[in-house]
């Protein structure tokens with residue numbers, strides 16, 4: 001199976017063959033690059049898209065007209081990914097669920113995100129953007145991509161200490177972390193429930209949105225031993241019971257972890273209470 005670097009490399013090579021890009025990128029141009037055309041049709045309720053190639057070699061990519069325009073754009077790029085990566089489709093799990101999708105489908109999702117949010121166009125905008133889901137939403141509008149895809153790539157390319165977390169049914173299914181947060185060993189465990197009193201958990205339970213809040217780092221990151229002010233911003237998508245969370249440290253640098261304290265053995269390293277008995281042999285040997 002291809003790893004993330006392989007997928008990114010293949011996607012960027014494919015984009016390079018398509019020529020100069022304008023925003024938002026043309027998914028029809030991507031389809032044309034592999035000899036395909038895009039048509040909209042009425043598909044099953046849980047079906048995003050499918051494709052087939054005629055004996056002549058012409059490829060047809062059918063997308064579900066009932067889906068949102070952004071979902072349709074992503075679906076076209078996902079179908080392109082199947083062709084370029086040579087991965088057979090596996091539609092046994094719903095497309096919106098990261099936790100239940102096969103590795104091949106996830107690989108095609110990663111490829112599709114690279115096509116919709118090309119590195120050369122997206123990275124400079126991440127570097128100049130403010131931190132927060134509002135800024136990610138503006139980028140999603142500019143690139144005509146979903147908040148999930150944009151947030152994931154935002155964290156992946158950010159210079160800051162940040163993470164974008166996707167939860168389903170109140171449990172973490174996916175997280176993307178910035179290089180600096182990876183270096184700081186900010187691990188977020190997949191399958192972990194949303195912290196009970198976190199902003200994300202409260203919004204999922206029905207609390208109204210407010211401004212980003214300060215969060216407890218050790219509730220989100222495993223074995224976290226550093227000081228720092230963590231900020232949490234969130235959105236909840238009730239239709240799929242998905243919670244999107246952006247976490248970032250409001251510090252330019254994090255203090256290093258506190259040194260581990262050793263447990264000293266009392267008899268060996270503490271002074272014992274004076275009892276009048278000398279600790280060396282009492283008998284002297286005189287010559």
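Derivation of every value follows stated rules applied to the coordinates shown; laboratory data play no part. As the structure is a prediction and not an experimental result, all values here were calculated from the model. Cβ placement follows ideal geometry from the backbone for every residue including glycine, while neighbour counts extend to all protein chains displayed.
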Note to self: I want to make sure I understand the PRE zone here: with the label point 7 angstrom from the Cα of residue 218 toward its beta carbon, which residues in segment 173-188 have backbone N atoms less than 18 Å away?
What the structure shows: 185-188
Margin query: Testing the spin-label approximation: label points 7 Å from Cα along Cα→Cβ at residue 253 and residue 37. State their distance in nm.
Written below: 6.1 nm
Notebook entry, point to check: Ranked highest first by average number of other Cβ atoms within 10 Å, how do 176-183, 216-223 line up?
Noted result: 176-183, 216-223
Check: Rg/Rh for segment 109-229: what does it come to with C-alpha atoms and Rh from Kirkwood?
Finding: 0.95
Notebook entry, point to check: Expressed as a whole number of Å, what is the distance separating the alpha-carbon centroids of segment 1-72 and segment 100-178?
Noted result: 19 Å
Check: Can you give me the pair-distance distribution of segment 98-143, C-alpha pairs, 10 Å bins, whole percents?
Finding: 24, 42, 30, 4
Note to self: Counting C-alpha atoms alone, how compact is segment 184-235: give Rg to one decimal and Dmax as a whole number, in angstrom.
What the structure shows: 11.5, 33
Next item on the list: Tell me the label-point distance for the pair residue 189, residue 12, using the 7 Å Cα-to-Cβ offset, in nm and rounded to one decimal.
Entry: 3.5 nm
Note to self: Given R₀ = 25 Å, what would the calculated FRET efficiency be for residue 22 paired with residue 129, taking r from the Cβ atoms and rounding to 0.05?
What the structure shows: 0.80
Next item on the list: Please state, to two decimals, what the Cα-based radius of gyration of segment 4-116 comes to when divided by 2.2 N^0.38 Å (N = residues).
Entry: 1.00
Margin query: Viscosity 1.002 mPa s, temperature 20 °C: what is the translational diffusion coefficient of segment 36-180 from Stokes-Einstein with a Kirkwood Rh over Cα pairs, rounded to a whole number of µm²/s?
Written below: 133 µm²/s
